[in-house]
Amino acid sequence: MTTKTNKPVQTLRDGNIKATLWRNEGDKGPFYSVQFIRTYKDSEDNYQDTDSFTNGDLLKLSRLGVRVYDAIAKLRVDDQKEVGQ
C-alpha cells in the first residue's frame, strides 16, 4: 500500500524563524497554508522547534509574513497558468 504525503512547497527563513508553505487541494481548487516555527537550543544543547515567539521575534516574523504573502501570490499565479494551459 502506498501512502501519499503532502510535502511543503517552499520554506522561507529569517534567522531562527522559518515559514513552511503547504499546498492543499480543496473543493474550489488549490489553496495554501503556512506554518511559522522558531528553532532554539534547549538546556542540553539540542535543537527544538516551537510555535511560540518572543517580542524580539516579532519584527522577523512580520517581515517573513510579507515574504510568505508574496510567495503564495506567485504560487497562485502559477496555478492559474497551469489551469489555462
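Charge tally for Arg63 (other residues, Cβ to Cβ under 12 Å; Lys, Arg +1; Asp, Glu -1): 0. Out of every Cα-Cα pair that segment 41-85 contains, those further apart than 13 angstrom amount to 71 percent. With q set to 0.12 Å⁻¹, the log10 of I(q)/I(0) for the chain, from the Debye formula over equal scatterers at the Cα positions, is -0.47. Most tightly packed first, judged by the mean number of other beta-carbon atoms within 10 Å of their residues, the peptides 33-46, 61-74 read 61-74, 33-46.
For segment 17-58, the equivalent ellipsoid built from the Cα gyration tensor has semi-axes of 30, 12, 6 Å, listed from largest to smallest. Taking R0 as 25 Å, what's the FRET efficiency between Val9 and Ser52 from their Cβ-Cβ distance, rounded to 0.05? Efficiency at R0 = 25 Å is approximately 0.50.
Spin-label model, Lys18/Arg63: points 7 Å from Cα along the beta carbon direction are separated by 1.9 nm. Compared with the dominant principal axis of the Cα atoms in the chain, helix 58-84 is inclined by about 20°. Computed from the C-beta positions of Asp78 and Ser43, the FRET efficiency with R₀ = 35 Å rounds to 0.20.
Read-outs: derived from the displayed coordinates by stated rules, not from any lab. Note that the structure is predicted; figures quoted are calculated from it, not measured. Please note: Cβ atoms are built from the backbone with ideal geometry, for glycine as well, and neighbour counts cover all protein chains shown.
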